[in-house]
Each structure stands twice: as structure tokens, then as C-alpha cells.
């Protein structure tokens, strides 16, 4: 636990004051979904997409689950070592064609 009940109450009050003064406002999903039971308080999800058929469909499954209560964007991110290996393979295969 990160503190006691008294500390939690203190920070709850400080956070409330900050919100009321409009010094800070959380993102829209937090404002719209807090206390509703939806449980989604994030506006952005970054999902990895592996470069395999299984990885692509696994990412699509997760995107569909997130999409039920908000938005999602996908991107491809490969480790540098894999990219370097792919570039090397491309150079080798293109040089063999000539």
C-alpha cells in the first residue's frame, strides 16, 4: 500500500481542488467513464502488432475488445535487430536478381 487512509483523503481533497479550479482536467474518457463501471479511463492504447499472421489477428482481437468502449490505433513496431536483418536480406536478394 502506498500510504494510509489519512494520506489518501488528503490527496483526494487536493486533486478535487485542482479539478474544481480547472488547473487540471483529465482526458475525455476519464471524465466520461469515471464511476460508470466501464473501467476504461484511457484515451489512447498502443498495441504491439507482431509480423506474423497469428500476431496480426491477436492484435485485431485486442483492438476489437478495446473498441467496445473507445478508440484504438494500430502501428507496426519491430525490434531494430529484425529490421537490420530484413534490410540485409533485401540487399542480398536484390543483388542476386541482377
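In the range 27-41, the qualifying residues are those that are in contact with a helix residue (DSSP H, G or I) (Cβ under 8 Å, 6 or more places away or on another chain) and surrounded by 13 or more Cβ atoms within 10 Å (Cβ to Cβ), and the one that is modelled with the lowest pLDDT is 40.
Selection of first residues in the range 55-82 that are over 25 Å from residue 27 (Cβ atoms) and of second residues that are modelled with pLDDT under 70 and assigned to a helix (DSSP H, G or I), restricted to Cβ pairs under 8 Å at least 6 apart or on distinct chains, gives the following pairs, ordered by first then second residue: 78/86.
The values are calculated or read from the model by the stated rules, or taken from the named source; none is laboratory data. These numbers come from a predicted model, not from an experiment. Virtual Cβ from ideal backbone geometry, glycine too; neighbours counted across all protein chains shown.
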